[in-house]
Each structure stands twice: as C-alpha cells, then as structure tokens.
Amino acid sequence: GFEMSYDEKNIFAKIIRGELPAEKIFENDKVLAFMDIMPRSPGHLLVIPKSSARNILDIDDENLCEVIKVVKKLAIASKKAMNATGVTIQQFSEADGGQEVFHLHFHIIPRYTGKPMNRPGQMVKDMTVLSMQANKIKAELGV
C-alpha cells in the first residue's frame, strides 16, 4: 500500500548517492556502514543496504543477507575496537515500530559495563570524535 512506498529523498538515500556527507566505516556494492551522528553510545554506527528498501518488511532476501553479514562483521569489529563489553543491535520498521528514517538501517551500538545508552536524538557535539572512532573500527576491520 501507499504507506509502504520508498522515498528517494530520505537522508540515507542521499548519503548513498554522495549528496550528504557521512563518516563511512565500510562500503561494498550492496552495503554501506557509517557512524551515527546522534550516537547513543561511543562507537554507534549504522548499516544500510544500497538498494531502495524502506525497512525489513519490504527488502528482498538477497540484499537482507548482504546487510546482516556486514552487521555481524561490524558488531564484532566495533566491540573490539571500542573496548566494549556488549553490543546492542536495533532495527525499527514503520513509524509505529519506532522508525524515523524510512530506509532500512541496523543500529550497532557498543555497550559498556554500567553505562546506560544516551537519550535518543542528541546530536554529536564534535565530529572529530566520530572520525577517531571510525578510524579505530576501520583499523580493526583492516580497511
């Protein structure tokens, strides 16, 4: 139905096309991963398909498999790079499921003993912090 249509103007589509900047961690022909500019924990990143998928309800299995493989790889790499003690992985589908940007994305959020996640919607104060974290994670990946 209409509520499931894909909007090519969403911010993640713009990042894929290079119209908006992002602190990239990983990229191949099917998947892109980059730092979240509203991090809920140090090392918070996003993994998205390059295909025009609104969320998990409409993505084809092939692209979903490519995305989830990168999610696993980056969960492992970010946990190690950031000296985290755990990882939270989140995916929200449709507004009532908590989705705000209507392009499929997985949150990878490194977690630390005794530290709750930050409140959502807080913009990072210093972009250089994100690039330092990105470089640590990329080094762990061998990128």
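Among 69, 125, 73, which is the only one that is among the charged types (D, E, K, R) and either open to solvent by less than 40 Å² (accessible area, probe 1.4 Å) or over 19 Å from residue 27 (Cα atoms) (or both)?
The unique qualifying residue is 125.
Taking segment 38-51 as the region of interest, how many residues are touching a helix residue (DSSP H, G or I) at 6+ places or on another chain (Cβ under 7 Å) and not small (Gly, Ala, Ser)?
Total meeting the criteria: 6.
Would you be able to tell me the number of residues in segment 50-86 that are within 14 Å of residue 33 (Cα to Cα), in contact with a strand residue (DSSP E or B) (Cβ under 7 Å, 6 or more places away or on another chain) and outside any helix (DSSP H, G or I)?
1
In segment 88-124, which residues are among the β-branched types (Val, Ile, Thr) and assigned to a strand (DSSP E or B)?
Scanning segment 88-124 gives 88, 89, 108, 109.
Within segment 100-122, which residues are closer than 20 Å to residue 11 by Cβ and either buried (at least 18 other Cβ atoms within 10 Å of the Cβ) or aliphatic (A, V, I, L, M) (or both)?
Across segment 100-122, the qualifying residues are 101, 102, 103, 104, 105, 106, 107, 108, 109.
Can you report the number of residues in segment 3-15 which are surrounded by 11 or more Cβ atoms within 10 Å (Cβ to Cβ), outside any loop (DSSP other than H, G, I, E, B), of a type outside the set (Gly, Ala, Ser) and in contact (Cβ under 8 Å) with a residue 40 or more places away in the chain?
The number of residues fulfilling the criteria is 3.
The values are calculated or read from the model by the stated rules, or taken from the named source; none is laboratory data. Note that this is a predicted model, so its numbers are computed, not measured. Neighbour counts run over all protein chains shown; Cβ positions are idealised from the backbone, glycine included. Areas reflect the complete protein model, heavy atoms only, side chains present, ligands, DNA and RNA absent. Shrake-Rupley method; radii C 1.70, N 1.55, O 1.52, S 1.80 Å.
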